[in-house]
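Peer 1: Below is the structure I would like to discuss, written out as structure tokens.
The values are calculated or read from the model by the stated rules, or taken from the named source; none is laboratory data. Bear in mind the structure is a predicted one, so any value in this text is a computation, not a measurement. For neighbour counting, all protein chains shown are included, and Cβ atoms are generated from backbone atoms with ideal geometry for every residue, glycine included. Areas reflect the complete protein model, heavy atoms only, side chains present, ligands, DNA and RNA absent. Shrake-Rupley method; radii C 1.70, N 1.55, O 1.52, S 1.80 Å.
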Amino acid sequence: MATGRRKANRAKKEETNWQERVIQIRRVSKVVKGGKKLSFRAIVVVGNERGQVGVGVGKASDVIGAVKKGVADGKKHLIDIPITKSNSIPHPIDGIGGGAKVIMRPAAPGTGVIAGGAVRTVLELAGVRNVLAKQLGSNNPLNNARAAVNALSTLRTLAEVAEDRGIAIDKLYI
């Protein structure tokens, strides 16, 4: 019986380490036969600050319901990212989401997260502490968040590259 409680407590702890941040709440309307039907759209970023992050969108007739749906959607679309010892990204990367383009560059320890808008939120909740990022093309928060997730999902470590090429890591630079 005690092991069942421990599992339940462990599951609760795993649940509570997720952080959620709302990027945008927008009131949207749909024209129906009787007039306009108002609802809310929430864009939410979910992350554990240890290499996992996801962006979710939720729509509901009230704000709280939209945020809950956004969190659930974000947890469905989680990605794992490699983080270096200096809490940065392994290499420079670009990402595209809709009309938005995001450029990310690794930075030295102590630099901090130099990024704006939705990209900053995604990077902070992913656990990246030292990075330079720039949004290009669009200032739409949803597209910028998706572009950031797209960039982070294509990151690869030296070990992965060496394995793909079939050589040892120490021979990668030679």
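Peer 1: Identify, please: which residue in segment 51-87 is part of a helix (DSSP H, G or I) and open to solvent by 90 Å² or more (accessible area, probe 1.4 Å) and is, among those, farthest from residue 126 (Cα to Cα)? Spell out how you get there, then give the answer.
Peer 2: Taking segment 51-87 as the starting set, the residues that turn out to be part of a helix (DSSP H, G or I) are 63-76.
In the following step, the residues that additionally are open to solvent by 90 Å² or more (accessible area, probe 1.4 Å) were identified as 64, 68-69, 76.
Numbers: 64: 24, 68: 20, 69: 20, 76: 15 Å.
Ranking the candidates gives 64 first.
Peer 1: Can residue 121 be described as β-branched (Val, Ile, Thr), touching a residue at least 12 places away in the same chain (Cβ under 8 Å) and either in a strand (DSSP E or B) or open to solvent by 50 Å² or more (accessible area, probe 1.4 Å) (or both)? Please lay out each step first, then the result.
Peer 2: Details: β-branched (Val, Ile, Thr): yes; touching a residue at least 12 places away in the same chain (Cβ under 8 Å): yes; either in a strand (DSSP E or B) or open to solvent by 50 Å² or more (accessible area, probe 1.4 Å) (or both): no.
Spelling it out, it is not the case that residue 121 is β-branched (Val, Ile, Thr), touching a residue at least 12 places away in the same chain (Cβ under 8 Å) and either in a strand (DSSP E or B) or open to solvent by 50 Å² or more (accessible area, probe 1.4 Å) (or both).
Peer 1: Among the residues of segment 42-50, is any at pLDDT 95 or above, open to solvent by 50 Å² or more (accessible area, probe 1.4 Å) and outside the structural domain of residue 154 (by the TED database)?
Peer 2: No, the conditions are met nowhere in segment 42-50.
Peer 1: Oh, and also: Only one residue in 26, 21 is open to solvent by 70 Å² or more (accessible area, probe 1.4 Å) and touching a residue at least 60 places away in the same chain (Cβ under 8 Å). Which one? If you could, list the steps in order and put the result at the bottom.
Peer 2: Details: 26 fails: touching a residue at least 60 places away in the same chain (Cβ under 8 Å).
Answer to the selection: 21.
Peer 1: Right, something else. Has segment 140-163 got any residue that is modelled with pLDDT under 95, among the charged types (D, E, K, R), farther than 26 Å from residue 56 by Cβ and open to solvent by 70 Å² or more (accessible area, probe 1.4 Å)?
Peer 2: yes
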